[in-house]
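J.: Below you will find the structure I want to go over with you.
The values are calculated or read from the model by the stated rules, or taken from the named source; none is laboratory data. A quick note: this is a predicted structure, and the numbers were derived from the prediction, not measured. Using ideal geometry, Cβ is built from the backbone for each residue, glycine included, and neighbour counts are taken over all protein chains shown.
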Amino acid sequence: MKFNIVIERDEDGIWISECPSIPGCVSQGNTKDDAIKNIMEAIHLCLDVRAEHGLPLTVETRQVEVMV
């Protein structure tokens, strides 16, 4: 499966990664590569937990255009 992720650096320099299509699936790392590796592991774990609890594996995400 392929997932979109969001990666950003916080005020302390830690890289935060999130998978928007899996509620609560967030991780971090000292480097961007670590954050990506960690979110991939978190995605596996979150999918396992959601399956065990009979929850939908993902939620729908969409891209919208906002005029600024």
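J.: Would you be able to tell me the number of residues in the range 17-35 that are more than 22 Å from ARG50 (Cα to Cα) and not acidic (Asp, Glu)?
T.: Here is the first cut: in the range 17-35, the residues more than 22 Å from ARG50 (Cα to Cα) are 29-34.
Next cut, not acidic (Asp, Glu) only: 29-32.
Result for the range 17-35: 4.
J.: Within the range 55-62, is there a residue that is in contact with a strand residue (DSSP E or B) (Cβ under 7 Å, 6 or more places away or on another chain), outside any helix (DSSP H, G or I) and among the charged types (D, E, K, R)?
T.: Taking the range 55-62 as the starting set, the residues that turn out to be in contact with a strand residue (DSSP E or B) (Cβ under 7 Å, 6 or more places away or on another chain) are none.
The answer is no; no qualifying residue exists.
J.: In the list ILE5, ILE22, which residue meets the criterion of being at pLDDT 95 or above, in contact with a strand residue (DSSP E or B) (Cβ under 9 Å, 6 or more places away or on another chain) and not hydroxyl-bearing (Ser, Thr, Tyr)? Please lay out each step first, then the result.
T.: Values: ILE22 fails: in contact with a strand residue (DSSP E or B) (Cβ under 9 Å, 6 or more places away or on another chain).
Within the list ILE5, ILE22, the selection yields ILE5.
J.: OK, next. Scanning for something within 8 Å of the chain's Cα centre (by Cα) and either touching a residue at least 60 places away in the same chain (Cβ under 8 Å) or in a loop (DSSP other than H, G, I, E, B) (or both), does the range 25-45 turn up at least one residue?
T.: Yes, there is a match, as at least one residue in the range 25-45 is within 8 Å of the chain's Cα centre (by Cα) and either touching a residue at least 60 places away in the same chain (Cβ under 8 Å) or in a loop (DSSP other than H, G, I, E, B) (or both).
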